[in-house]
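Trainee: My structure is below; once you've seen it, I'll send some questions.
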Amino acid sequence: MPNEVEDTKASTVIESPEELLAHALAMETEAAEHYTEIAENLELHNNQEVADLFRKLGEYGRLHAAEVQEISKDMVLPHIAPWDFKWPEGTGDSPEASALEETHYLMTSYQAVQLAMKVESSAYQFYADVAATTPNAETKRIASEFAEEESEHVELLKGWVEKYPKPDDDWDYDPDPPRSLE
């Protein structure tokens, strides 16, 4: 009888450069979409400074997606159903999917950068894990390069966070919060 743990681990290994690039493209596209959605929600609540920051992060995601498309232009990337992506165990989401539930209409730029650092750190860990587990040398090389790039993004964001003051404990106090018609 096969070992269930080994079967699960084997099913999460990314075997080829094409499979890795399909994951990377989905990850960057999703990140750009989520950041843009957050920006639009913050604009509705007149939190323009933080909305602008999320728009900038969304643009970076689109640039990274374009970079992945350029790298893979001579390859045929597999179509992967949403439930078949090999994202980190237990998440079901791509590592760069900014958690919408972690946002707040009054969040500050400091908090936005903290969230982005968390997302970029997750992306770094994803690529580092792929590099450590794949049996394919080219997949390992690409994953290692992407991990290094994500590590650089984290370092860049660490510099950004220093620009913004840490919010007070009552940062989310609103004497007149938005009302839902539900």
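Trainee: Kindly express, to the nearest 10 degrees and within the range 0 to 90, the angle between helix 17-44's C-alpha long axis and the longest C-alpha principal axis of the chain.
Mentor: Helix 17-44 and the main axis of the chain meet at about 10 degrees.
Trainee: Roughly speaking, what is the stretch gain from Glu43 to Ser121, that is 0.36 nm per residue apart minus the C-alpha to C-alpha distance, in nm to one decimal? Walk me through the numbers before you get to the answer.
Mentor: On the way: separation 78, 0.36 × 78 = 28.08 nm, distance 2.64 nm.
This chain segment gains 25.4 nm when fully extended.
Trainee: How do the peptides 156-164, 126-134, 36-44 rank, highest first, by the average count of neighbouring beta carbon atoms within 10 Å per residue? Write down the numbers at each step before the final one.
Mentor: Details: 156-164: 13.8, 126-134: 19.9, 36-44: 17.7.
Going by the mean number of other Cβ atoms within 10 Å, highest first, we get 126-134, 36-44, 156-164.
Trainee: How far apart, in nm, are the 7 Å Cα→Cβ label points at Arg62 and Glu155?
Mentor: 2.8 nm
Trainee: Compute the relative contact order of the chain as a whole-number percentage, counting only Cα pairs closer than 8 Å that sit 6 or more residues apart in sequence.
Mentor: Numbers: 197 pairs, mean separation 45.7, N = 182.
Relative contact order of the chain: 25 percent.
Trainee: Set the Förster distance to 22 Å, then compute FRET efficiency between Glu138 and Ala81 from the Cβ-Cβ distance, nearest 0.05. Please report the intermediate quantities before stating the final value.
Mentor: Numbers: r = 24 Å, r/R0 = 1.10.
With a Förster radius of 22 Å, E is 0.35.
Trainee: A follow-up question, please. Treating the angle as unsigned and between 0 and 90°, give the value, to the nearest 10°, between the Cα long axis of helix 109-133 and the longest Cα principal axis of the chain.
Mentor: 10 degrees
Trainee: How many nm separate the modelled label positions at Glu162 and Ile71, each set 7 Å beyond the Cα in the direction of the Cβ?
Mentor: Rounded to a tenth, the inter-label distance reads 2.9 nm.
Trainee: Between Ala99 and Asp176, what FRET efficiency comes out of the Förster formula 1/(1 + (r/R0)^6) with R0 = 22 Å and r the beta carbon distance, rounded to 0.05? Let's see the in-between values first.
Mentor: Working: r = 26 Å, r/R0 = 1.20.
Step by step, r from the Cβ atoms, then E = 0.25.
Trainee: Once the Cα atoms of helix 48-71 and of the chain are each reduced to a long axis, what angle between those two axes, in degrees from 0 to 90 to the nearest 10, is obtained?
Mentor: Taking Cα atoms only, the helix is inclined about 20 degrees.
Trainee: Additional query: Quick check: pseudo-label points 7 Å beyond the Cα along Cα→Cβ at Glu148 and Asp169, how many nm apart are they?
Mentor: Label at Glu148, label at Asp169, 4.5 nm between them.
Trainee: Looking only at Glu28, Glu70, Glu148, which one moves most when the chain is put into a Gaussian network model with springs between Cα atoms under 10 Å?
Mentor: Between Glu28, Glu70, Glu148, it is Glu70 that shows the largest mean-square fluctuation.
Trainee: Per residue of the range 147-152, in order, report the coupling 6.51 cos²θ - 1.76 cosθ + 1.60 (Karplus, θ = phi - 60°) as ³J(HN,Hα) in whole Hz, putting x for Gly and Pro.
Mentor: Each residue's phi maps through the Karplus curve to give 4, 4, 4, 5, 4, 5 Hz.
Trainee: For n ≥ 4 DSSP H runs only, could you compute -39500 (n - 2.57) per run for the chain, divide by its residues and tell me the 222 nm figure to the nearest 500?
Mentor: Numbers: 5 runs with 110 residues, N = 182.
The helix-only estimate for the chain comes to -21000 deg cm²/dmol at 222 nm.
Trainee: Distance check, please: which entries in Lys56/Lys86; Lys73/Lys158; Lys56/Lys158 exceed 22 angstrom between their Cα atoms? Show your work: numbers first, answer last.
Mentor: Numbers: Lys56/Lys86 28 Å; Lys73/Lys158 33 Å; Lys56/Lys158 16 Å.
In this structure, Lys56/Lys86; Lys73/Lys158 lie more than 22 Å apart at Cα.
Trainee: A follow-up question, please. Give, rounded to the nearest 20 debye, the magnitude of the charge dipole that the chain has about its Cα centre when Lys and Arg contribute +1 at Cβ and Asp and Glu contribute -1 at Cβ.
Mentor: Details: 13 positive and 41 negative charges, 64 e Å.
With Lys and Arg at +1 and Asp and Glu at -1, about 300 debye.
Laboratory data are not the source of any read-out in this text; all were calculated from the coordinates shown. Everything quoted here is computed from the prediction, not taken from an experiment. Every residue, glycine among them, receives a Cβ derived from its backbone with ideal geometry; neighbour counts consider all protein chains shown.
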